[in-house]
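These notes concern the structure reproduced below.
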Amino acid sequence: MTTETYRLPPGPKTPPLLNGIAFLVARNAIIGRIQRRYGDAFTLRLPGFGTMVVVTRPDQVKQVYTAKPDVLHAGKNPLGEILGPGSLFSMDEERHLHERRMLLPPFHGERMRSYEAIIEEEALRGMEGWADGVEFTSIESFQTITLRIILRTVFGAEGQELTELERLLPPMTTLGQRLVTLPILRPDRGRRSPGGRWKRMHAAYRRLVDKLVDDHLADPDLEERIDILALMLRARLAEGGEIDHSDVADELLTLLVAGHETTASALAWSVERLRRHPGVLRRLEEEARGGDNALRLATAEEVLRVRPVINATARLVMKPFEVDGWRLPPGSRVVAGIALIHHDGRFHPDAERFEPDRYVGKKPDTYAWIPFGGGVRRCLGAAFAQFEIDIVLRTLLRNFELQTTTAPGERESFRGVAFAPSRGGAAVVRRRALPLADDAQATESPESADLITALNS
């Protein structure tokens, strides 16, 4: 009988509870300080998470993201526990790969392009109330915009269901973020307890989603629908299985959580960065007069580098795992330090500088630019999120002048799922008398034309 020998990188010897408190107060600063002291791989022990090995170089991250699915699991995590067993975040190995293959097609290619009109309409609708010359918190508008985009393109919601979900989901997701961060609050201890309120909200959510699913299945035009729920249902029906309403509800909630708060935060960071870089802003305005978007796409990529909304991804070690000469035991976790890699001058020259030109005509490195994670666990909606950011920024630039500022940059604030600007991406705008427009662009929908008229009246 042999005894396994494991080797963990060095790390702080402080008790897990003290590490946890420091992590909650200033996680990015604490992690950066530990890396500077212990090197590119270090061990950190946190309450509820156990032993974590953090890796902070692209070659190390590649080893993590390309590991076999039975060696590293990502499905055992607090967010997956909240979202339910039908969520991609709760799955591993074959079940995860099967579900991912089924969901991936709608988020790529021409299918995604079919959502452009909806994204623009909702962006215009969400910006309609912006007042000239008055500072406001942009993230609140972006949260409304991204929520409605998801409800229409993913849930296929309309009418009463759209209205009810739009009212229910913001407080529900806010509460869910608290339960992810503080598991002690999850048990149902009565109507007023966080766990009790979550139970009631989730039941209301299930009633609405069950009706959406039933309505979709009864729709004689199901084959012609383009929303992602319809595509999910068609794929499941094609496999000959029954539709599990609970699994569908879990997956829809997963897509909402993955693409709502995160994309809104990225848009708020875009506003925050552009207000402090007038040269980039002016060039983006010029680009918005035509049909090009190379600089706009590069700007979105640079925003996600300098201000990643997710600062790390974790895997649970199921079998002995070797990374960069260290040997990790089952039960430990290996964490890819996204923010640390993004801010490291070894991998991004002049890393602290906001410089979108570094990505114009050049794709970011697969393992040095990882705002969406990587490997088979890479965010399913990454391409959709980048497409959505592109269209929303284009709409903003064409219809408003974003006022610049010399104020210090906003600090990072953790909101339970994503990091957002501490002041919510404070913005000051002025409506353009005549929107910038691409003469060659496709004819706008009547809804977009009406909203543009309202914005500029």
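Please treat every number below as a calculation from the coordinates, not as lab data. A quick note: this is a predicted structure, and the numbers were derived from the prediction, not measured. Cβ atoms come from the backbone with ideal geometry, glycine included; neighbour counts cover every protein chain shown.
Quick rundown of the values:
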{"quantity": "Peptides ranked, highest mean first, by Cβ atoms within 10 Å: ranges 22-35, 43-56, 382-395", "calculated": "382-395, 43-56, 22-35"}
{"quantity": "Charge dipole (debye, nearest 20) of the chain; +1 at Cβ of Lys and Arg, -1 at Cβ of Asp and Glu", "calculated": "2560 debye"}
{"quantity": "Shape call, the stretch 86-215: gyration tensor on alpha carbons, a/c limit 1.5", "calculated": "oblate"}
{"quantity": "P(r) histogram, all alpha-carbon pairs of the stretch 160-214 included - 5 Å bins from 0, percent", "calculated": "4, 20, 27, 22, 14, 10, 3, 0"}
{"quantity": "Local net charge near VAL134, Cβ-Cβ under 13 Å (Lys/Arg +1, Asp/Glu -1)", "calculated": "0"}
{"quantity": "Note, ³J(HN,Hα) from phi for the stretch 331-346, Karplus 6.51, -1.76, 1.60, rounded to Hz, x at Gly and Pro", "calculated": "x, 7, 10, 10, 10, 8, x, 4, 4, 5, 5, 5, 9, 8, x, 5"}
{"quantity": "Mean-position separation - Cα centroids, the stretch 331-348 and the stretch 359-419, in angstrom", "calculated": "18 Å"}
{"quantity": "Long-range amide H partners of ALA157 with built H, under 5 Å", "calculated": "ARG152"}
{"quantity": "Full-extension gain in nm, LYS363 to THR5, via 0.36 nm per residue minus C-alpha separation", "calculated": "124.9 nm"}
{"quantity": "Which listed pairs, of LYS13/LYS363; LYS62/LYS362; LYS76/LYS199, have C-alpha distances above 31 Å, in listed order", "calculated": "LYS13/LYS363"}
{"quantity": "The stretch 199-259, relative contact order [Cα under 8 Å, separation at least 6], %", "calculated": "31 percent"}
{"quantity": "Average Cα contact separation per residue, the chain, under 8 Å, 6 or more apart, as relative contact order %", "calculated": "24 percent"}
{"quantity": "Positive dipole terminus of the chain, leading residue within GLY39, HIS216, MET318 (C-beta point charges)", "calculated": "GLY39"}
{"quantity": "Only Lys, Arg (+1) and Asp, Glu (-1) charged, at Cβ; the stretch 346-436 dipole about Cα centre in debye", "calculated": "220 debye"}
